[in-house]
Amino acid sequence: MQKIFRQYSFGKEIKSIAPFGHGHINKTYLVVTGNKKKYILQRINQDVFKKPKEVMKNIELVTSYIRNQVKNDGRDPSRAALEIIPTINKKTYAQVDDYYWRCYRYVIGAKTYEIIEKPELFYEVGKAIGIFQRQLQFFPIERLHITIPDFHNTPVRFQNFLKATYFDENNAGLYAFNESKFIFDRKSIMSTITDMLDNNEIPLRVTHNDTKLNNIMIDESSQRAICVIDLDTVMPGSVLYDFGDAIRIGASTAVEDEPDLSKVKLDINLFELFSRGFLEETHWFLKQKEIDNLVEGARIITLECGMRFLTDFFAGNTYFKIDYPQHNLIRARTQFKLVKEIEDNYHKLQNIIKNITNDLK
């Protein structure tokens, strides 16, 4: 670690360093200096992010843009976006022994949550993701790199699933017939979002692409959302991706790997709270076609995630970390139960979106 510390001006002042957070991709540490300043130090996972320099360029561009927006509004830019701490060579990353590291300033008086402790929290999550979209609506999207190609390209994910089922060296199909059929029965909707993008029916926007609850910083005093973090997957995409992924995680009544499917339901109240927070910040600039397809975005992104879990199960569990052999199969089942919940409540969810937008006009 000494080689890494020497890359930063505070390196000689470090008092303690310890693992931090619950992330599974990058290695994260909390660094505390002698004068009690705190920093977040991370080693970028180069198995997932093959071009870490491009990842850091995206983060630098987006966070700088957001801070400038906030500054122009007369608000505090230090809490509006992650702040990258530059190395002594003025770089956004440190390259040490073929590994890439980065450092952020620790946000004082804020935290993230792993579960929805009270419903109002999900309203704040919706506002935070909506604010993120609003702040970046005029960002020059052509400047962003594609950090993970086809990350939310559902037709490509479907083709990957087909390949995995074809080889099936571990006979996973013996355990996943019903789940595989669930996917094949929905083959016709796989390209809904990508077709709308390709046909310019909905615009490309800056999207976070991983809008789970613990990627939103919440102020500990006010309980208001501060900013969106974990920006590695920021890329051009559809707003439907961010809306859908947030609903998939936050509006579920169970954890992602709950084996008892009777516990897995879509919480309609949480869906409404998130949607209201999100649309309060976005309804006036989103295209009507985007608003009309928010529920469809939730269905497709949830289906896509379940399909990715099942693909990994067929492929021998090589991508997602597992605790037992059928872990990815259980994860896929929870996602497909949520897809069914969305489908069973589709018109009700659409009416919620319609009523919220009418209220906001």
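Rule-based calculations on the coordinates, nothing more; no lab input. Bear in mind that the values here come from a model prediction, so they are computed numbers and not experimental data. Methodologically, a virtual Cβ is constructed for each residue, glycine included, from the backbone with ideal geometry; neighbour enumeration extends over all protein chains shown.
Note the full-extension length gain between Lys289 and Lys50 as 0.36 nm times their separation in residues minus their Cα-Cα distance, in nm to one decimal.
82.6 nm
Suppose every Lys and Arg Cβ carries +1 and every Asp and Glu Cβ carries -1, with no other charges. What dipole size does the chain come out with about its Cα centre, to the nearest 20 debye? Display every interim value, and only then the final one.
Working: 50 positive and 47 negative charges, 287 e Å.
With Lys and Arg at +1 and Asp and Glu at -1, about 1380 debye.
For the chain, what is the mean residue ellipticity at 222 nm derived from helices alone (per DSSP H run of n ≥ 4: -39500 (n - 2.57); sum divided by total residues; nearest 500 deg cm²/dmol)?
-13500 deg cm²/dmol
Could you tell me how many degrees, from 0 to 90 and to the nearest 10, lie between the Cα long axis of helix 52-72 and the main elongation axis, the longest principal axis, of the Cα atoms of the chain?
Roughly 80 degrees between the two axes.
What FRET efficiency, computed as 1/(1 + (r/R0)^6) with R0 = 30 Å and r the Cβ-Cβ distance, is obtained for Ala18 and Glu256, rounded to the nearest 0.05?
So the FRET efficiency works out to roughly 0.70.
Can you compute 3J(HN,Hα) from phi for each residue in region 274-288, using the Karplus curve 6.51 cos²θ - 1.76 cosθ + 1.60 with θ = phi - 60°, rounded to whole Hz and x for Gly and Pro?
Here the 3J(HN,Hα) series is 4, 4, 5, x, 5, 6, 4, 9, 10, 4, 7, 10, 5, 6, 4 Hz.
So which of Lys57/Lys287; Lys127/Lys265; Lys212/Lys265; Lys57/Lys90; Lys287/Lys340 end up more than 21 Å apart, counting from Cα to Cα?
Lys57/Lys287; Lys127/Lys265; Lys287/Lys340
Which angle from 0 to 90°, rounded to the nearest 10, does the C-alpha axis of helix 327-344 make with the longest principal axis of the chain?
Compared with the principal axis, the helix lies near 60 degrees.
Could you derive backbone 3J(HN,Hα) for region 245-260 from the dihedral phi with the Karplus parameters 6.51, -1.76 and 1.60 (θ = phi - 60°), listing whole Hz in sequence and x where the residue is Gly or Pro?
Each residue of region 245-260 in turn: 5, 5, 5, 4, 8, x, 9, 7, 8, 9, 6, 5, 10, 6, x, 8 Hz.
How long are the semi-axes of the equivalent ellipsoid of the chain, defined as square roots of 5 times the Cα gyration tensor eigenvalues? Whole Å, largest first.
33, 26, 19
Once amide H atoms are built 1.01 Å from N in the peptide plane, which residues 5 or more positions from Ala110, or in another chain, come under 5 Å H to H?
Glu220
I'd like the distance between the alpha-carbon centres of region 165-235 and region 308-346, rounded to an integer number of Å.
Going from one Cα centre to the other spans 12 Å.
How long is region 169-255 along each principal axis, judged by its Cα atoms, biggest number first, in Å?
On the principal axes, region 169-255 reaches 51, 36, 24 Å in Cα extent.
Could you give the dipole magnitude of region 2-108 about its Cα centre, charging the beta-carbon of Lys and Arg +1 and that of Asp and Glu -1, in debye to the nearest 20?
Around 260 debye, computed over region 2-108.
Can you list residues whose amide H is under 5 Å from Lys27's amide H, if they're 5+ apart or on another chain and H is modeled 1.01 Å from N?
Amide H neighbours of Lys27, under 5 Å, 5+ apart: Arg43, Asn45.
Quick check: pseudo-label points 7 Å beyond the Cα along Cα→Cβ at Lys361 and Lys38, how many nm apart are they?
That separation, rounded to one decimal, is 4.6 nm.
Can you give me the angle between helix 120-135 and the longest principal axis of the chain, using Cα atoms only, in degrees from 0 to 90, rounded to the nearest 10?
For helix 120-135, the angle is close to 70 degrees.
Could you give the spread of the C-alpha atoms of region 26-114 along their three principal axes, from largest to smallest, in whole angstroms?
Ordered largest first, region 26-114 gives principal extents of 42, 33, 30 Å.
Evaluate E = 1/(1 + (r/R0)^6) for Val156 and Tyr346, where r is the Cβ-Cβ distance and R0 equals 35 Å; express this FRET efficiency to the nearest 0.05. Before the final figure, lay out each step's value.
On the way: r = 25 Å, r/R0 = 0.72.
The computed FRET efficiency comes out at 0.90.
With a 10 Å radius around each residue's Cβ, average the other Cβ atoms per peptide and rank 104-110, 311-317, 81-87, highest first.
Per-residue Cβ counts within 10 Å, averaged per peptide and sorted highest first, yield 311-317, 81-87, 104-110.
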